[in-house]
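Report on the following structure.
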Amino acid sequence: MTEGSPAPAIEISSMSKWFGPFQVLDDIDLKVMPGERIVVCGPSGSGKSTMIRCINGLEPFQKGRIAVHGQELIQKARTLDAVRKNVGMVFQQFNLFPHLTVLDNCTLAQRWVHKVPRAAAEKIAMAQLEKVRIPEQSRKYPSQLSGGQQQRVAIARSLCLRPKVMLFDEPTSSLDPEMVREVLDTMADLARDGMTIICVTHEMGFARGIADRIVFMDQGKVVEEAPPAEFFDKPREARTRKFLDQVVR
Amino acid sequence: MLDYLTSGWGLQFLRAIGTSLTVAALSFVFCILIGILCTLLSRNDFRGSASLVNLYTYVFRSLPDILLLILIFYSLDGAIQSLLNRLPGSSDIRLNAYVPAIMSTSIVLGAYATELFKAGWADIPKGQFEAGQALGFTRVQSLVLVILPQVYRKIIPHLGSLSLISMKETALLSVIGIPDIVRTASIGARSTGSPFVFYGIAIAIFVIFAILCSRVFAYLESRARAGAQ
Ligand SMILES: Nc1ncnc2c1ncn2[C@@H]1O[C@H](COP(=O)(O)OP(=O)(O)OP(=O)(O)O)[C@@H](O)[C@H]1O
Ligand SMILES: [Mg+2]
């Protein structure tokens, strides 16, 4: 890695994906540098979730290539494991493990995947829970927490594995409005710490405040890609303008 | 009644309880393994395996257990015997009847267990599997650490009934000549001419077992419910 050309954190090139005969992703190109914060937006069904799910191998793709920190994604258990060690993911539905306490949610993968001893894993978990500002909930079960708290635990759970990239798929979309703020603040902290972030969201205020670049998708294609100021104030494409008219009032 | 129990029947009944409990416990464990295995098979991408599992549970739901038990018992018994006889120098080893007996009750009960596990499994949201994958768990880790504990919590009340069924199922063993509780009671009833005493004792044993079992499972259930809904 030379000074002049730092290696990208994520490189997607000419990637296409089909669900049966239906093409969901059409020749996607996207390069994300370390520490960059990308917001992905676009109408429902445009393939946003599918694209970020391809990045950690939750979905296979049929054409093109994806590399994460130089590690190419191939549908083989060994390489998938290597890629997933670098990539954390936060889901719309939190997907915390309901049978485990908050603390155990945060230590399970550390202990079994990364083979961290229990005491050390708990220390790391507490530090991350501290960061998302809910260390006092560590002994509770997910069902005893509010949606916003659950999502912050999910973020902490991912961070415990020290990922280099974090993927978020509409992390605030299933939250009550009064809880959206706390989760966005947590993500903003993360951005400030220099984490590489790709986030699918409809929170345009967050996008404007945090993102380095906004990627707009429609019908499986990346239609437009621009820094927030440019994206919101003088979008190039007609489809972008139409979308913005609908979401930003 | 005490006269009977002290005159040797007491010991017979104790042995019978040991037999029934052993068969019940082993078939309970094996049927759960069968249930988990069949659930995995029916979730497999390979279509044929799912239909096979469906056929298995369908057959066992629609035919009387006793017929199947006898059928499996004699075919397993025959198969194992002929295998043993083929080993050199081992002609005329009589196989312990318990092996095919436990295998056949496990297969019968396995059909119930499979239905249970399949239903519990279907209740687990897809996101749980994905979270496991995203955190880097292998398939086996995700199964053991994430999915099965949740399936267990969902089906624990039914596992209680399954344990009772496995105890009841041991009564079927009497037809293949294994001295379980029911067979002991019927022999005693015939040879002494006091059916009410002997069948009464048998019923009492099953009732006590049922009460103990429901205690145990009530406890397991309350523990499983801690926190998680
Ligand atoms: N497993 C699947 N099988 C078949 N089609 C699918 C599957 N998952 C998604 N699709 C289809 O692929 C398209 C893109 O879906 P995707 O979930 O990526 O969209 P999205 O941009 O995330 O939408 P939303 O904003 O509603 O979440 C949709 O038309 C969807 O119906
Ligand atoms: Mg989506």
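Using modelled amide H (1.01 Å from N, peptide plane; none on Pro or chain starts), what sits under 5 Å from the amide H of residue A:89, excluding residues fewer than 5 places away?
Residues meeting the amide H criterion: A:167.
Apply the a/c threshold of 1.5 to the C-alpha gyration tensor of chain B and tell me whether it is rounded, prolate or oblate.
Since a/c reaches 1.5 but b/c is at least a/b, the shape of chain B is classed as oblate.
Counting DSSP beta bridges with both partners in the protein assembly as shown, what percentage is antiparallel, nearest 5?
Among the beta bridges of the protein assembly as shown, antiparallel pairing accounts for roughly 55 percent.
Show A:19, A:168, B:196, A:61 ordered by accessible area, largest first, where the area counts protein heavy atoms only and the probe is 1.4 Å.
Output order, biggest surface exposure first: B:196, A:19, A:61, A:168.
Excluding residue A:83 itself, what net charge comes from residues whose Cβ is under 11 Å from its Cβ, given Lys and Arg +1 and Asp and Glu -1?
Values: positive: A:76, A:78, A:84, A:85, A:164; negative: A:72, A:81.
Charge balance near residue A:83 sits at +3.
Report the B-A buried area as the accessible area lost on both sides summed, probe 1.4 Å, in Å² to the nearest 100.
Chains B and A together bury approximately 2000 Å².
Under 16 Å between alpha carbons, and skipping anything fewer than 8 positions from residue A:234 in its own chain: which lysines qualify?
A:242
Setting aside same-chain residues fewer than 8 positions from residue A:164, which lysines have a Cα under 22 Å from its Cα?
Hits, sequence-local ones excluded: A:31, A:48, A:76, A:85, A:115, A:123, A:131.
Just to verify a number: what accessible area does residue B:159 come out at with the full protein assembly present, 1.4 Å probe, Å² rounded to tens?
10 Å²
Can you give the relative contact order of chain B as a percent, counting alpha carbon pairs under 8 Å and 6+ residues apart?
Rounded, it is 26 percent for chain B.
Helix-derived [θ] at 222 nm for the protein assembly as shown: sum -39500 (n - 2.57) over DSSP H runs of at least 4, divide by residue count, nearest 500?
Taken over the protein assembly as shown, the calculation gives -18500 deg cm²/dmol.
Tell me, what ³J(HN,Hα) does each residue in region A:168-177 have, in order and in whole Hz, if you take phi through Karplus 6.51 cos²θ - 1.76 cosθ + 1.60 with θ = phi - 60° and put x for Gly and Pro?
Values, residue by residue: 10, 10, 6, x, 10, 6, 9, 9, 5, x Hz.
In debye to the nearest 20, how big a dipole does region A:97-162 give about its Cα centre with +1 on each Lys and Arg Cβ and -1 on each Asp and Glu Cβ?
140 debye
Once amide H atoms are placed 1.01 Å from N in the peptide plane, what residues at a sequence separation of 5 or more from residue A:173, or on another chain, have their amide H within under 5 Å of its amide H?
Excluding prolines and chain starts, which carry no amide H, there are no hits.
Treating the beta-carbon of each Lys and Arg as +1 and of each Asp and Glu as -1, no other charges, what is the dipole magnitude of region B:1-101 about its Cα centre, to the nearest 20 debye?
260 debye
Search the structure for amide H atoms under 5 Å from the amide H of residue A:224, placed 1.01 Å from N in the peptide plane, and list their residues when 5 or more places away or on another chain.
Hits under the 5 Å cutoff: A:216.
How charged is the neighbourhood of residue B:18? Take every other residue with its Cβ under 14 Å from the Cβ of residue B:18, and add Lys/Arg as +1 and Asp/Glu as -1.
+1
In percent, what relative contact order does chain A have, based on Cα pairs under 8 Å that are 6 or more apart in sequence?
25 percent.
With all protein chains present, how much of the accessible area of chain B (probe radius 1.4 Å) comes from carbon and sulfur, to the nearest whole percent?
Looking at chain B in its full context, I get 68 percent from C and S.
For region B:161-173, what does the Karplus curve 6.51 cos²θ - 1.76 cosθ + 1.60, with θ = phi - 60°, yield as ³J(HN,Hα) per residue in whole Hz, taken in order and with x for Gly and Pro?
Karplus values, whole Hz, x for Gly and Pro: 5, 5, 5, 5, 4, 5, 5, 4, 4, 4, 4, 5, 4.
How would A:224, B:115 line up by accessible area, probe 1.4 Å, largest first? If you can, show how the numbers build up before the last one.
Working: A:224 5, B:115 65 Å².
So, going from the largest accessible area down, we get B:115, A:224.
Report, to the nearest whole %, how much of the accessible area of region A:97-162 belongs to carbon and sulfur atoms, 1.4 Å probe, protein only.
About 52 percent, which is the carbon plus sulfur part of the accessible surface.
Place a +1 charge on the Cβ of each Lys and Arg in the protein assembly as shown and a -1 charge on the Cβ of each Asp and Glu, then give the dipole magnitude about the Cα centre in debye, rounded to the nearest 20. Display every interim value, and only then the final one.
Values: 51 positive and 41 negative charges, 129 e Å.
Dipole size: approximately 620 debye.
For region B:194-229 and region A:25-70, what is the centre-to-centre distance using only Cα atoms, to the nearest Å?
55 Å
As a test of reading the structure, rank A:79, B:114 by solvent-accessible area (1.4 Å probe, protein chains only), most first.
Numbers: A:79 30, B:114 0 Å².
Ranked from most to least accessible, the order is A:79, B:114.
What are the ³J(HN,Hα) couplings of region B:71-77, residue after residue, when phi is run through the Karplus curve with 6.51, -1.76, 1.60 and θ = phi - 60°? Round to Hz, x for glycine and proline.
4, 5, 4, 6, 6, 5, 4
Express as a percent, rounded to the nearest 5, the fraction of DSSP beta bridges in chain A (both residues included) that run antiparallel.
55 percent
The values are calculated or read from the model by the stated rules, or taken from the named source; none is laboratory data. The structure presented is a predicted model; accordingly, all values stated were derived computationally and were not measured. Virtual Cβ from ideal backbone geometry, glycine too; neighbours counted across all protein chains shown. Surface accessibility is based on the protein's heavy atoms, side chains included, excluding ligands, DNA and RNA. Shrake-Rupley method; radii C 1.70, N 1.55, O 1.52, S 1.80 Å.
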